[in-house]
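Notes for the one structure printed next.
Derivation of every value follows stated rules applied to the coordinates shown; laboratory data play no part. These figures come from a predicted structure and were not determined experimentally. Note that each Cβ is placed from the backbone with ideal geometry, even for glycine, and that neighbours are counted across all protein chains shown.
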Amino acid sequence: MEKIKVNADGTFNLGKYEFINFGEENGRVIAVCKDRLFDSRFGDNNDFRSSDIMKRLTEEVLPEIENIVGAENVLEFETDLLSLDGSAKYGVMTSRISIPTLDFYRKNRPLFEKHKLDKYWWLATPDSTDEYFGDNWCLCVSPSGDIYDFYVSYGCRGVRPFLNFVSSIFVSCDD
């Protein structure tokens, strides 16, 4: 496989997908899709593990990406589904594709803003769970970068996949 070139602005292309490189940690490149791949309702509730989004990412998007880079180059990682109000009911999920959490977004907001992401897009972080205030709301990022909660059945929020790749498949355009 030919190495994937990371542009000076930190983006790279995988087929029709453009990703933002959020850095390298322990031999893995952490990346989020720059474009919203599709708009979707979240699901029947705000548990990302069983969401419509996760199903579509796993069944449609992940196989396409694995076909481009090889399944062995897409790494498993953990997504902490701690709710905004502190409920740990959904726990930590392990997968090879996800969407960003509120914590990841907060940590990396300047880099997200640098890329001027448009329209609303989902985060994996629930507002609460049914053990507290209900499981009907999940967090979104607005075009201005602010965080809002939205009803999970509302279907006009975008999805930006979040993945971890083996770092050895990448090369800087400067190299």
Note to self: Suppose we keep just the DSSP beta bridges with both residues in the chain; what percent of those would be antiparallel, to 5?
What the structure shows: 90 percent
Checklist line | Between region 1-52 and region 103-167, the alpha-carbon center distance in angstrom | finding: 13 Å
Margin query: Let me check the size of region 102-175 from its C-alpha atoms; what are the radius of gyration and Dmax in Å?
Written below: 15.4, 52
Check: Among Phe42, Phe112, what is the fewest-to-most ranking by other Cβ atoms within 10 Å?
Finding: Phe112, Phe42
Notebook entry, point to check: So if we plug the beta-carbon distance of Glu60 and Lys5 into 1/(1 + (r/R0)^6) with R0 = 22 Å, what FRET efficiency do we get, rounded to 0.05?
Noted result: 0.30
Next item on the list: Compute the whole-percent fraction of alpha carbon pairs in the chain spaced more than 25 Å apart.
Entry: 30 percent
Margin query: Going by average Cβ density within 10 Å per residue, which order do the peptides 115-124, 138-147, 95-104 take, highest to lowest?
Written below: 95-104, 115-124, 138-147
Margin query: Which lysines, if any, have their Cα less than 26 Å from the Cα of Lys34, not counting same-chain residues under 8 positions apart?
Written below: Lys3, Lys5, Lys16, Lys55, Lys107, Lys114, Lys116, Lys119
Check: Taking square-rooted eigenvalues a ≥ b ≥ c of the alpha carbon gyration tensor, is region 29-127 rounded, prolate or oblate, where a/c under 1.5 means rounded and, failing that, a/b exceeding b/c means prolate?
Finding: rounded
